[in-house]
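Peer 1: If you scroll down you'll find the structure; I have some questions about it.
What follows draws every value from the coordinates through simple rules; no lab data is involved. Quantities reported herein were computed from a predicted structural model and do not represent experimental measurements. Note: ideal-geometry Cβ built from the backbone for every residue, glycine included; neighbour counts use all protein chains shown.
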Amino acid sequence: MMDNDTLDMLRTSLRHVLTEATNVPLADRLGELGWDEVVADDPVTALHTLFTLKGDTVSSADALGPRLAAALADALGDPQLTTATVGMESPFGPSSLTDGSLTVDAVVFTPPSDNPVVVRVDGEHLAVVVGSALTCTRLTTTDGELAQFRLTGTVPASQVQCIEGATASIAWSAMVTHGRWLLACELVGIAQHVTDSAAQYTGERIQYGKPIGTFQALQHRIATAHVLVVGAARLAEHAGHSGDEWSALVAKAVAGQAAETACTQAQQCYGAIGFTWEHEFHHYLRRTYVLDRLLGDWRSLEREIGNELMNSRHVPKIGML
């Protein structure tokens, strides 16, 4: 477990790495910090800190892709897949596997080059194919600073490694659980930054001879956002330590709602300046919408949570909740 001084130094170093202007891949820059040793020593604290800061700084570096590959490789017991690119569900259609070929349609965060690509097919199997066999096209998204690419192509079945049955389902679920936790941390980082920045602005903006932060209507908006953010932060912290599927599901749902709510309330505090291109706010709003929709948006996850509670007639305890 990291002590406070070590954690402060880690935060400072990671903030510098995430905000520096460079084309060097994030993995290489983290390697210079001895990142693998830090993660090996205290993985929960290290990853929680990295992704929360990534949300706070709205860094466009791909930190999620390598972690999804690592989680999948670990679940499958296949170290070679640590360099793989995991294909996420495409809005254009699913990947499918027939007797003769694999048709791929997936979204990734980094072009795979010659690395293996893993996609889920038919909702139950995993298929592994060489990335160079696929066409990679950059997508135009809500957040243009966060690169996303569409992988498409048809590959002969003879060139596809298929992982079937329970092995595939368990491994994919483990990867989704890990990814949801990391995304929850990143969304919490966004929500915290947006709420803190809005609170600071209302303390500085003068209207009718006094800071607008003294007006009760805006105080209520900041308080509403703050309550959700604090709750989401606690859930994300617990999900990291527990590592279970339910905690990650709830943490992702609450973090997505908290980030969206924080942006909604902050926009009302900012007024017209919040609509300008020059203000930082739109970067956080755009990032919130993109991240929330990865591995399940908060509204869909909320329905999933509700259905599970109704079917099981049991409310699992999460941390102190």
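Peer 1: For the chain, give the magnitude of the charge dipole about the Cα centre (Cβ charges: +1 Lys/Arg, -1 Asp/Glu; no others), in debye to the nearest 20.
Peer 2: 1100 debye
Peer 1: Can you give the FRET efficiency for Q219 and S312, using 1/(1 + (r/R0)^6), R0 = 35 Å, r = Cβ-Cβ distance, to the nearest 0.05?
Peer 2: 0.35
Peer 1: Would you please state which residues of the range 256-281 a label at R15 would reach in this model, taking the label point 7 Å out along Cα→Cβ and a backbone N cut-off of under 19 Å?
Peer 2: 280-281
Peer 1: Sticking with this one: Among I190, I170, I163, which comes first, second and so on when ranked by fewest other beta-carbon atoms within 10 Å?
Peer 2: By the 10 Å Cβ count, ascending, the order reads I170, I163, I190.
Peer 1: Which of V118, A239, L72 sits farthest toward the positive end of the charge dipole of the chain, with +1 on the Cβ of Lys and Arg and -1 on the Cβ of Asp and Glu?
Peer 2: Value computed over the given set: A239.
Peer 1: Which order do C185, C162 fall in if you start with the one that has the fewest other Cβ atoms within 10 Å?
Peer 2: Lowest count first: C162, C185.
Peer 1: Something else: Under a 5 Å amide H to amide H cut-off, with H placed in plane at 1.01 Å, what residues pair with V117 once short-range neighbours are removed?
Peer 2: When sequence neighbours closer than 5 places are left aside, the close amide H contacts are T85, V129, V130, G131.
Peer 1: Here's a follow-up. Report the rotationally averaged projected area of the range 84-163 based on its alpha-carbon convex hull, in square nanometres.
Peer 2: Computing the convex hull of the Cα atoms and averaging its projections yields 4.9 nm².
Peer 1: How would you order 101-107, 86-92, 133-139 from highest to lowest mean count of nearby Cβ atoms within 10 Å?
Peer 2: Highest-to-lowest ranking by the protection proxy: 101-107, 86-92, 133-139.
Peer 1: Moving on to the next point. Pick from Q148, Q257, Q80: which residue has the top mean-square fluctuation in a GNM of the chain where Cα pairs under 10 Å get a spring?
Peer 2: Q80
Peer 1: Net charge within 15 Å of G179 by Cβ-Cβ distance, Lys/Arg positive one each and Asp/Glu negative one each, not counting G179 itself?
Peer 2: -2
Peer 1: So, by mean Cβ neighbours within 10 angstrom, what's the order for 263-269, 241-247 with the highest one leading?
Peer 2: 263-269, 241-247
Peer 1: So, with +1 on the Cβ of K and R and -1 on the Cβ of D and E, and no other charges, what is the size of the charge dipole of the range 170-321 about its Cα centre, to the nearest 20 debye?
Peer 2: Computed charge dipole of the range 170-321: roughly 260 debye.
Peer 1: Right, something else. Normalising by the residue count of the chain, find the relative contact order in percent from Cα pairs under 8 Å and 6+ residues apart.
Peer 2: This gives 15 percent for the chain.
Peer 1: Post the alpha-carbon centroid distance, the range 239-274 to the range 68-125, in whole angstrom.
Peer 2: Cα centroid to Cα centroid, the span is 28 Å.
Peer 1: Using Cα-Cα distances under 8 Å and only pairs 6 or more residues apart, what relative contact order does the range 84-163 have, in percent?
Peer 2: 34 percent
Peer 1: Something else now. Cβ under 12 Å from V227's Cβ, V227 left aside: what net charge do those residues give with Lys, Arg +1 and Asp, Glu -1?
Peer 2: +2
Peer 1: Which value at 222 nm does the chain reach when only helices count, each DSSP H run of 4 or more adding -39,500 (n - 2.57), with the total divided by all residues and rounded to the nearest 500 deg cm²/dmol?
Peer 2: -18500 deg cm²/dmol
Peer 1: Residue separation times 0.36 nm, minus the C-alpha to C-alpha distance between Q159 and A40: what's the value?
Peer 2: Gain on stretching Q159 to A40: 39.4 nm.
Peer 1: For V290 and D122, what is the calculated FRET efficiency with R₀ set at 22 Å and r taken between the beta-carbons, to the nearest 0.05?
Peer 2: Once the sixth-power term is evaluated, E becomes 0.25.
Peer 1: If you take the beta carbon distance between T135 and I170 as r and set R0 to 35 Å, what does 1/(1 + (r/R0)^6) give as a FRET efficiency, to the nearest 0.05?
Peer 2: 0.70
Peer 1: Also: Defining a contact as two alpha carbons under 8 Å apart and six or more residues distant in sequence, what relative contact order in percent does the range 168-312 show?
Peer 2: After rounding, I find 32 percent.
Peer 1: Tally Lys and Arg at +1 and Asp and Glu at -1 over the other residues with C-beta under 10 Å from the C-beta of A266: what net charge comes out?
Peer 2: Charge balance near A266 sits at 0.
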